[in-house]
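Q: Mind having a look at this structure? Questions to follow.
The values are calculated or read from the model by the stated rules, or taken from the named source; none is laboratory data. The shown structure was predicted, so the numbers you read here are calculated from the model rather than taken from an experiment. Heads up, the Cβs are rebuilt from the backbone with ideal geometry, glycines too, and the neighbour counts pull from every protein chain shown.
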């Protein structure tokens with residue numbers, strides 16, 4: 001199973017990757033992108049099975065990336081990993097088709113609980 005981690009911070013991409021391992025998902029093939037434009041290119045080349053995206057990024061935000069995927073007909077399970085955890089942001093994420101929103105700071109337990117319906121350990 002392939003997962004795409006999208007965040008403009010390489011440090012945060014590594015933290016997400018480490019947290020996935022700690023949550024029991026170290027076997028996943030991980031792709032990375034630094035913004036929504038890079039992520040969209042990555043999806044075009046080799047679509048992942050699951051996407052984790054930050055909300056606020058330069059060039060194309062996570063929400064704009066999700067909207068672009070929707071416009072192109074992709075049905076890849078998508079979730080946000082972001083500091084944007086207000087009820088308004090959660091509503092926008094859900095309305096755009098996000099399956100989950102994990103707020104920072106997060107734990108391995110949060111990842112494990114969120115991903116249990118999407119990924120086999």
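Q: Can you pull out every residue in the range 102-121 that is assigned to a helix (DSSP H, G or I) and loosely packed, with under 13 Cβ neighbours inside 10 Å?
A: Result: 109, single match.
Q: Being within 13 Å of the chain's Cα centre (by Cα) and outside any strand (DSSP E or B) is the filter; apply it to the range 30-41 and report the residue that is farthest from residue 14 (Cα to Cα).
A: Here the answer is 40.
Q: Tell me yes or no: at least one residue of the range 10-23 is free of Cβ contacts under 8 Å to residues at least 40 places away in the same chain, in a loop (DSSP other than H, G, I, E, B) and at negative phi.
A: No; the residues of the range 10-23 include none that is free of Cβ contacts under 8 Å to residues at least 40 places away in the same chain, in a loop (DSSP other than H, G, I, E, B) and at negative phi.
Q: Here's something else I'd like to know. Give 69, 4 a once-over and let me know the one that is within 23 Å of residue 112 (Cα to Cα), touching a strand residue (DSSP E or B) at 6+ places or on another chain (Cβ under 8 Å), surrounded by 16 or more Cβ atoms within 10 Å (Cβ to Cβ) and modelled with pLDDT of 95 or more. Step through it out loud before you land on a result.
A: On the way: 69 fails: within 23 Å of residue 112 (Cα to Cα).
Residue meeting the stated conditions: 4.
To keep it simple, each residue is scored yes or no on (1) touching a strand residue (DSSP E or B) at 6+ places or on another chain (Cβ under 8 Å); (2) surrounded by 22 or more Cβ atoms within 10 Å (Cβ to Cβ); (3) at pLDDT 95 or above.
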| position | (1), (2), (3) |
| --- | --- |
| 34 | yes, no, yes |
| 39 | yes, yes, yes |
| 44 | no, no, yes |
| 51 | yes, yes, yes |
| 65 | yes, yes, yes |
| 81 | yes, yes, no |
| 90 | yes, no, no |
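Q: Given the criteria within 22 Å of residue 110 (Cα to Cα) and either outside any strand (DSSP E or B) or in contact with a helix residue (DSSP H, G or I) (Cβ under 7 Å, 6 or more places away or on another chain) (or both), does residue 51 qualify?
A: no
Q: Related question: Report yes if residue 58 is outside any strand (DSSP E or B) and either surrounded by fewer than 21 Cβ atoms within 10 Å (Cβ to Cβ) or modelled with pLDDT under 95 (or both), otherwise no.
A: Details: outside any strand (DSSP E or B): yes; either surrounded by fewer than 21 Cβ atoms within 10 Å (Cβ to Cβ) or modelled with pLDDT under 95 (or both): yes.
So residue 58 passes the test.
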